[in-house]
Amino acid sequence: MSKKKTAAIVLAAGLGTRMKSDLPKVMHPIGGRPMINHLLATLDKIHVEQTVVVVGPDMPSLESAVAPRKTAVQFDRAGTGDAVRVGVEALGAFKGNVLILYGDTPLISEQTLNAMLEARDNTPDGAVAPSVVVLGFEPMDPGAYGRLVVDEEDGELLSIVEFNDASPEEREIGLCNSGVMCFDGQMLPQFLSRLNNDNAKGEYYLTDCVAFAREDGFSCAVVEGDEEELIGVNSRVELAQAEVIFQDAMRDKMMKGGATLIDPSTVYFSFDTKLGRDVVVEPNVQFGRGVKVGDRVTIKGFSHLEGTTIAGGASVGPFARLRPGAELGEDVKVGNFVELKNVTLEHGAKVSHLSYLGDARVGADANIGAGTITCNYDGFLKHKTDIGAGAFIGSNSALVAPVVIGDGAIVGAGSTITRDVDAHDIVTTRADQKNARGAAERFRDKKRAEKELLKKD
Ligand code: UD1
Ligand code: MG
């Protein structure tokens, strides 16, 4: 961490035209949350004091996604230098480090940002610390990135040349500008005031500040980052690439934390998924937002979970759908084709096959038979079903809420329960069974005769 205080300006005024979307570009999600929020979470980790997000006019969804952080509106998209000027105005006088980041480059790591801040403090042999630190990288395809011109002897950054303004020799340079920079906050306003738009794009280039710092006798440094963390998202294709990078990192993190993923590339995590030790996740499982899984849990293939908490030793799936508010106690079993929504299953409860339970409590060790449905919605309101500990619900039962099934009660298969059942009672609501002795043959004889008659006509 740097000795100086740090503020951040995040540029996010771009329309993201290539996304072809009604949503501001930086609001598109990666791992279940807007990409801008990934970046802001990383800034929180490095203890940034103040953040200003530079937004375009009319981006209310973005303003609320970044709240309570400050936003500043850039009305004319006149270039990165102009955008930073807008950010600096909102920041007010700030003498520490000012980090400049792009909202559409969301996967930058905490380590890389710390390396940049440390470089700002770096004063070898009593030299003055660099007033600008630029994050460079060497992409496989340098394409149209700005190129970093570096002194071959001491590695000092001499200038940044935008691709459109670069000579053929400069375009040969492999070291590129990621766009992330760290400035001496005291110098930055002065550099910005000198920018002009006399260049190929007719924009105010932030990158020109490097040359101004050099003119004033200050040094500029380069820190190098990884291409993967610096991926910029400008299109849906790049969004998918960023998702792959993010998911791979999550899979690694989960495995390092003690979970087994049998086929990692088929498991998808949310940014906030938590897995305990000795969790086994089978192939093709998807975690939505807000899932916490305790130790020794197995999640079998093709399950989909969101807003769910699972305690130790439970088993889920295959093909289970756990929706928000599903709370599974220790050693609970949820089997195939079971959908749960806003349900608490207490210790050892079992719902093994083909059920829908919504707005319910299932007591410890209760057994819910195949095909049980809680009828929780009457078309207007939701109602609760309460099933006591040790109760047994026979297969294909409909529990019409609001309804209470007492502890240890037994519901006969195929029942439709509309009234409360006392603890330890047995209840059945189906019609009595009638057996007509030998009737099957008599019935068939009659039908065969009817068919013969029809043929003769
Ligand atoms: C910029 C850099 C280039 C670098 C590249 C890395 C400059 C002049 N060039 O070029 O050296 O290699 O990024 O991706 O800085 N933005 C605003 N307001 C504006 C203009 C841009 O908020 O008026 C935001 C955009 O939303 C985007 C970021 O700044 O998030 C970069 O802008 P972009 O136009 O993509 O810059 P590049 O031409 O790619
Ligand atoms: Mg760009």
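Summary table
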quantity: Partners for Lys456 among lysines (Cα-Cα distance below 28 Å; same-chain residues under 8 apart left out); calculated: Lys446, Lys447
quantity: Mean Cβ neighbour count within 10 Å, used as a protection proxy, ranking 96-107, 423-434 highest first; calculated: 96-107, 423-434
quantity: For the stretch 166-256: rounded, prolate or oblate by the Cα gyration tensor [a/c cutoff 1.5]; calculated: prolate
quantity: Interchain or long-range residues, amide H under 5 Å from Ser395's placed H; calculated: Ala370, Ala413, Gly414
quantity: Semi-axis lengths (Å, descending) of the ellipsoid that matches the C-alpha gyration tensor of the stretch 76-125; calculated: 24, 17, 9
quantity: Per-q log10 I(q)/I(0), the stretch 330-428, q = 0.14, 0.17 Å⁻¹ (Debye; single scatterer per alpha-carbon; no solvent); calculated: -0.41, -0.61
quantity: Sorted largest first, extent of the stretch 272-330 alpha carbons per principal axis (Å); calculated: 22, 19, 18
quantity: Length-normalised contact order for the stretch 243-289 - Cα pairs under 8 Å, 6+ apart - percent; calculated: 38 percent
quantity: Helix 439-456 axis, angle to the chain major axis (alpha carbon atoms, nearest 10°); calculated: 80 degrees
quantity: Range of Cα positions in the chain per principal axis (Å), largest first; calculated: 107, 61, 41
quantity: The chain - mean residue ellipticity at 222 nm from DSSP helices (-39,500 (n - 2.57) per run, n ≥ 4, rounded to 500); calculated: -6500 deg cm²/dmol
quantity: The chain, relative contact order [Cα under 8 Å, separation at least 6], %; calculated: 8 percent
quantity: Spin-label pair Ala449/Thr17, simplified geometry with 7 Å Cα→Cβ offset, distance in nm; calculated: 8.5 nm
quantity: Length gained when the stretch Ser64-Ser167 is fully extended (0.36 nm per residue, less Cα-Cα span); calculated: 32.8 nm
quantity: Antiparallel bridges, percent of DSSP beta bridges restricted to the chain (to nearest 5); calculated: 20 percent
quantity: Crossing angle, helix 110-121 versus the chain [Cα axis fit, 0-90 degrees, rounded to tens]; calculated: 20 degrees
quantity: Cross-link pairs beyond the 22 Å C-alpha cut-off, checked among Lys25/Lys45; Lys274/Lys384; Lys274/Lys341; Lys256/Lys341; Lys292/Lys350; Lys253/Lys274; calculated: Lys25/Lys45; Lys274/Lys384; Lys256/Lys341
quantity: Relative contact order (percent, whole number), the stretch 314-419, Cα cutoff 8 Å, 6+ residue spacing; calculated: 18 percent
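No lab work stands behind these numbers, since they all come straight from the coordinates. Values in this document were obtained by computation on a predicted structure and should not be read as measured data. Ideal geometry is used to build each Cβ from the backbone, glycine not excepted, and the neighbour counts take in all protein chains shown.
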